[in-house]
Amino acid sequence: MSLPSPARVASISDDRTIKIWDLSRQEVVKVLWGHTAEINCAAIAADGYSLVSGGDDRTVRIWRLDSEGAPVVLRGHSSRVVAVAASATGRVISVSADGVARLWTGEPNWESRILRWRPEGVRSVTFTRDGNMVIAAADDSNVHVWNCASESEGVLEGHSDWVNCVSATPDGRYVLSGSDDSTLKLWDLSRMLTTTTPRDHSDRVRAVVVTGDGSTVLSTSDDHTLRIWDVSSKAVRKILRNQHHWLLTCTADPPKVVSSGSSGSCYVWDLATEQELQRFTRHHDRVRSLAITPCGKRIVSGGDDSTIRVWEIDSGRQLLKIQLERQWPRSIGVTPDSRFAVTAAETSTLKLWDLETGEEVRSFRGHTARVNSVLVTYGGRIVVSASDDLSLRAWDLATCDLVQVMTGHHAKVNSVAALPGGKLIVSASDDCRLGVWDIMSGRLIAMFTVESPVLTCAVISAAVEIVAGDRSGLVHFFEFQDNISESSSPGTRS
């Protein structure tokens, strides 16, 4: 801990002492004795003349650094004290290993009250400058924020391992956290999640999809839940449990959700009522890929039964079946006129199909490993593919000519989505990164890094935001602060 005095720091130790060091002379200038067990935490008060400490002796002690008097001893905890902080407004917060948080006020007599907040696994705490918020780093991989006035908790989620330390900026707007996941994160408190609803999945995220109006995101996971997110608040609006959806897509208007899982069936259901509207059951094995035609009237599905099937949404009728030879379509992209579909299968070759006749129109060859994701963008003129060969490729739909090869990922690329206008795309990769690319120049515009392989991504067109799901179960939101057609400066939301 640094002190306001020139070149002085304080240190705590298991030897039950606090030492004040003069860095210029490289020597100890003061030793504070009093704790009867190991000291776990300490903090400097805003005036620079007081130090607060907490230890295994279950006490909080307040020391004056400008005098030789005995410390004030605050008792009340029934377990070892693991974190303390002092605010500029004269408040002290202490948290013990049993999750009890005490707020101390009223110097010099110091009275405490136990907060309704019961944080677990706290490793450090701090105040915002006004003393109204207590921020805690915890071993649940989250940063917890307690509002002392409203007695409500907010959660900042995004780390993938223990959070060890936190600090608030002087203006009280941002929080900086450090974690065992080897990252520092800067958080905007104005965008903090303020809900007690569990936010992220507990297992890998299989799919994320955005509703046509851009107000809602759906995510599905191996934890057998489907989560409905409010885009504006980034909060989970509702959790649907006992769900087994591996694939999701949405119609534009009216908003309907199309989903599928391991059973081989596809379902159309109403998002508002959660009622099933239609079921398609002709696939004989798992459905691996789903797409809705831009006209909104048909569904294209690809399954492990080596078929591509076209369905009419309103009637549930199968309109077309394309039998493949030992191919399992992993991804489907449909042209804007709803007439053609590009498929990525278990091979390195893409194929273009006529959805009226079922005939193969042409093939796109160039990848050297399996293709995982494909889309049609740039007004229907460009096909973009993402592959296990670590690359993305842009193709001319009409000629099959290779337009660009985009390299920069260090592991397989799992998913690709187009940003508004179709010139920029976003890719999700096992290298724990999302890339934003210009498909015509092949230039990497921006790269976002998370702590787990990114499995799926989608774009919220209205807000120019990216949503992504990773293997650990986290759902991430990223936004561009500037015009994406001109700028490469991104911003993020966690």
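Each value in this text was obtained by applying a stated rule to the coordinates, not by laboratory testing. Note that the coordinates shown come from a computational prediction; the quantities given were computed from them, not determined experimentally. Please note: Cβ atoms are built from the backbone with ideal geometry, for glycine as well, and neighbour counts cover all protein chains shown.
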* Asked: Any idea what % of Cα-Cα pairs in the chain are farther than 43 Å?
  -> 31
* To do: Sequence neighbours fewer than 8 away in the same chain don't count; with that in mind, list the aspartates and glutamates whose C-alpha is under 16 Å from residue 321.
  => 285, 304, 305, 312, 354, 356, 359, 360
* Structure fact -> Which residues qualify? For residue 129, with a placed amide H closer than 5 Å and at least 5 residues away or on another chain, they are 172
* **Residue-span extension gain [residue 89 to residue 38] - 0.36 nm each, minus C-alpha spacing** => 15.5 nm
* Structure fact -> Once both label points are put 7 Å beyond Cα along the C-beta direction, the residue 263-residue 444 separation in nm becomes 4.3
* **All lysines inside 29 Å of residue 185 as judged from Cα atoms, apart from same-chain residues fewer than 8 positions distant** => 234, 238, 412
* Asked: Got the relative contact order for the range 8-191 handy, in percent, Cα pairs under 8 Å and 6 or more residues apart?
  -> 11
* Can you work out ³J(HN,Hα) from phi for every residue in the range 252-262, in order, using Karplus 6.51 cos²θ - 1.76 cosθ + 1.60 and θ = phi - 60°, giving whole Hz and x for Gly and Pro? -> 7, 7, x, x, 10, 10, 10, 9, 7, x, 7
* Structure fact -> Correct semi-axes for the range 356-450, from √(5λ) of the alpha-carbon gyration tensor and rounded to whole Å with the largest first, are 22, 15, 11
* To do: Note the full-extension length gain between residue 297 and residue 213 as 0.36 nm times their separation in residues minus their Cα-Cα distance, in nm to one decimal.
  => 28.5 nm
* If r is the Cβ-Cβ distance from residue 176 to residue 242 and R0 is 35 Å, what FRET efficiency results, to the nearest 0.05? -> 0.35
* Structure fact -> Charge tally for neighbours of residue 368 with beta carbon under 11 Å away, counting Lys, Arg as +1 and Asp, Glu as -1, is +1
* Structure fact -> Over its alpha-carbon atoms, the range 256-401 yields an Rg and a Dmax in Å of 14.8, 46
* **Amide H within-cut-off set for residue 256, under 5 Å, with H built and near neighbours excluded** => 251
* Asked: Ranked highest first by average number of other Cβ atoms within 10 Å, how do 345-353, 19-27, 75-83 line up?
  -> 345-353, 75-83, 19-27
* Would you mind getting me the FRET efficiency between residue 27 and residue 370? Use the beta-carbon distance for r and R0 = 41 Å, nearest 0.05. => 0.05
* Asked: Let a ≥ b ≥ c be the square roots of the eigenvalues of the Cα gyration tensor of the range 8-191; is it rounded (a/c under 1.5), or, if not, prolate (a/b larger than b/c) or oblate?
  -> prolate
* Provide the per-residue ³J(HN,Hα) series for the range 51-57, in order, calculated from phi with Karplus coefficients 6.51, -1.76, 1.60 and θ = phi - 60°, each as a whole number of Hz, with x at glycine and proline positions. => 10, 10, 9, x, x, 5, 7
* Structure fact -> Summing +1 per Lys or Arg and -1 per Asp or Glu among the other residues with Cβ less than 13 Å from residue 315's Cβ gives +2
* **the range 248-262 and the range 118-181: distance between their alpha carbon centers, rounded to Å** => 37
* To do: Please give the FRET efficiency for residue 232 paired with residue 67, using the beta carbon to beta carbon distance and R0 = 56 Å, rounded to the nearest 0.05.
  => 0.60
* Can you put 39, 114, 228 in order, fewest other beta carbons within 10 Å first? -> 114, 228, 39
* Structure fact -> Here the range 125-139 yields Karplus 3J(HN,Hα) values (6.51, -1.76, 1.60; θ = phi - 60°; whole Hz; Gly and Pro given as x) of 9, 8, 9, 6, 4, 7, x, 8, 10, 10, 10, 10, 9, 9, 7
* Asked: Spin-label point model (7 Å from Cα, Cβ direction): what's the residue 109 to residue 407 distance in nm?
  -> 7.4
* To do: Using amide H atoms built 1.01 Å from N in the peptide plane, name the residues 5+ places from residue 152, or on other chains, whose amide H lies under 5 Å from its own.
  => 147
* Net length gained if the chain between residue 321 and residue 346 were fully extended (0.36 nm per residue, minus Cα distance) -> 7.1 nm
